[in-house]
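This report refers to the structure that appears directly beneath it.
The values are calculated or read from the model by the stated rules, or taken from the named source; none is laboratory data. On a predicted model such as this, the values are computed, not experimentally measured, just so you know. Glycine also receives a Cβ, built like all others from the backbone with ideal geometry; neighbour counts cover every protein chain displayed. Protein only, heavy atoms only, side chains kept; ligands, DNA and RNA dropped before computing areas. Shrake-Rupley method; radii C 1.70, N 1.55, O 1.52, S 1.80 Å.
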Amino acid sequence: MLGQKEYSVPSRFPSSNRKFKLKTLSQFEESQFNRNQELEHQLKMVSKQNEKLSSLNQYLQSTLNKRNEVIFEERQLYKTKSIISPQKSNSTSKRQSQQFHSRKSSMPYFTQTSRMQYVGEEFFRLNQVLEINISDEEAISYFENDPNIKFVRQLDEDTFVQIAEEQNIKKLLQIHDHILKLQNFLKEMFEAILKFKKIIKASYQMNQQAQLNDAINCIVDQTQQLMNCERATCYIVDETKGEIWSRVAQGLSSIIRMPIDTGVAGFVAFRKESVNIPNAYADDRFNRESDIINHFKTQSILAAPIIGDNNQCLGVLQCLNKNQGVFTNEDSAYLKYICNFSKTVLNHSLNQNQVESTQNKLRHVIKYFLDVISIEDPWKIISITEKVLKKIMNCEEARLIIKLSDSICFIKNGVQSQIPNFLGIFQKVINTQCNESTLNNNSNPFFDPTLDIDTQMPVICIPINSNSAFQVQNMKGVHKKQSQQSHSAFVSGLELEMLEYVRSILLIKIK
């Protein structure tokens, strides 16, 4: 408006102050973000500690239950009347009872702590005798040196009558304690006899299975019942492929495969020792992905190796989630006995499976001979030969080369190809007329990708004559290495014999 003065309104904060406040705010947000990350890390650590405490609490709870049973028996003992002779009067009985209770508080033997320590020190450990590798002499020594057995042996009839007549309450309670411990020991021994009776009965059923699938199925069913767990799995060790696998798992129908260095079962197979894990998620060896895939919650694990006669690990027996509590040392001993019985079953089934595999390989060789003997086309001979080589060696790559006129004929990636001269490993074996076996075909100094099989897997190359040879992947050379510094790899005698049969047929066919 006219006549009015215009005033410039100054900014509340100068420009420099606004920049300073924005910078301070960004630093505050960055510090808060770092603080949040630190808190998240602490929460993860606390979560892991909670899992470990949960497993420890579960174990302590089972121990506390046993302790409460002993305390209950002791309280019942304190409530009973003092042992007196029938000739004594009621007043004498009351007076002696009062004297006993007045002295009881001053005797360290009668306090709950000392009584529990006394029980724990002399308790007979059944798992020591159940250990499968223990000798008979050691087991007898454990039994004869048990304090309860020694005490009862020394307590003859005259000594017992004398203690009863003297009404020595302390000695009578000591006798009672030893009798209770012997009663618990006899109860455990009786339960062990029943358990072994079931194991022997189960072994009879296992030994009736000749086929590998039926044997694994029977082992799994019997283990699940004997160990009283939710699931049981029998893994077979395949050293050829470096993995453990199982066709049968309690509650599952699909085939389970995993590397031999993965999970608890892989650890047991590699170390050849049993493990007892009360809390699976607190153990770094447990593979949590298996629970996600199988829609299962693993809580406790007990696993033991199945060791063959030559100290070779044939498989792994794994039990998951005991139905009541956690797996004990006695359970671990029982599982070792089951593994010992399973060893014979698996050995027999694997040998039967090997016989059937040999028969199948021989069928392939005979059929190959009948097919190739009437074929004159070299390209068909190459194609049929490569197929039978793959079946014999159970692999994905095989290559046969034949020299026709002035060119080398071979099939690569399904395409018929020709080159003028021999190259690579093929050239070496044809010149030397000796077999060549490598752990890594690509690392062989004579390797040439034009003609040789391009792979980092073990390969065996066998010459037929001066005009032909073949290469095939050797899967069994992966983990059975003859020497770490050598390029050579292990070749199974059976596979090598079959390859020699093929070579002999080709030697007749290819001039």
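Pull out all pairs, ordered by first then second residue, where Cβ-Cβ is under 8 Å, the residues are six or more apart or on different chains, the first lies in region 127-138 and is open to solvent by less than 60 Å² (accessible area, probe 1.4 Å), and the second is modelled with pLDDT under 70 and among the polar types (S, T, N, Q).
Ile134/Gln128
If you check Lys367 against the conditions, is it surrounded by fewer than 16 Cβ atoms within 10 Å (Cβ to Cβ) and more than 23 Å from Gln225 (Cβ to Cβ)?
yes
For Ile292, only one of the following conditions fails: (1) touching a residue at least 24 places away in the same chain (Cβ under 8 Å); (2) of a type outside the set (Lys, Arg); (3) open to solvent by 50 Å² or more (accessible area, probe 1.4 Å). What is its number?
(1)
Read through the list (1) farther than 22 Å from Leu130 by Cα; (2) touching a Leu at 6+ places or on another chain (Cβ under 7 Å); (3) open to solvent by 10 Å² or more (accessible area, probe 1.4 Å), then give the number of the only condition that Thr298 fails.
(3)
Which residues, counting only those in region 419-474, are β-branched (Val, Ile, Thr) and either open to solvent by less than 10 Å² (accessible area, probe 1.4 Å) or part of a strand (DSSP E or B) (or both)?
Ile419, Ile425, Val429, Thr438, Ile453, Val459, Ile460, Ile462, Ile464, Val472, listed by residue number.
Mind listing whichever residues of region 403-418 are crowded, with 18+ Cβ neighbours inside 10 Å and either touching a His at 6+ places or on another chain (Cβ under 8 Å) or farther than 22 Å from Asn444 by Cβ (or both)?
Cys409
Evaluate region 370-393: report whether one residue or more is surrounded by 15 or more Cβ atoms within 10 Å (Cβ to Cβ), within 30 Å of Ile277 (Cβ to Cβ), within 46 Å of the chain's Cα centre (by Cα) and not basic (Lys, Arg).
Within region 370-393 (the criterion being surrounded by 15 or more Cβ atoms within 10 Å (Cβ to Cβ), within 30 Å of Ile277 (Cβ to Cβ), within 46 Å of the chain's Cα centre (by Cα) and not basic (Lys, Arg)), the answer is no, since none of the residues qualifies.
Taking interchain pairs and intrachain pairs at least six residues apart, which have beta carbon atoms under 6 angstrom, with the first residue in region 422-439 and farther than 20 Å from Gln473 by Cβ and at pLDDT 90 or above and the second part of a helix (DSSP H, G or I) and open to solvent by less than 70 Å² (accessible area, probe 1.4 Å)?
Sorted first by the residue in region 422-439, then by its partner, the pairs are Phe422/Ile430.
Look through Cys313, Cys319 and report the one residue that is modelled with pLDDT of 85 or more, buried (at least 16 other Cβ atoms within 10 Å of the Cβ) and in contact with a Lys or Arg (Cβ under 6 Å, 6 or more places away or on another chain).
Values: Cys319 fails: in contact with a Lys or Arg (Cβ under 6 Å, 6 or more places away or on another chain).
Result of the check over Cys313, Cys319: Cys313.
Applying the selection to region 182-213, what residues are among the acidic types (Asp, Glu) and open to solvent by less than 80 Å² (accessible area, probe 1.4 Å)?
Glu188
Given (1) more than 26 Å from Leu335 (Cα to Cα); (2) surrounded by 12 or more Cβ atoms within 10 Å (Cβ to Cβ), identify the lone condition not met by Glu165.
Result: Glu165 passes all but (2).
May I ask you to verify whether Ala280 is open to solvent by less than 40 Å² (accessible area, probe 1.4 Å) and at pLDDT 90 or above?
So Ala280 fits the description; yes.
Test Arg247 against the stated conditions and say whether it is modelled with pLDDT under 75 and either under 30 Å from Arg285 (Cα atoms) or touching a strand residue (DSSP E or B) at 6+ places or on another chain (Cβ under 6 Å) (or both).
Judged against the criteria, Arg247 is a match.
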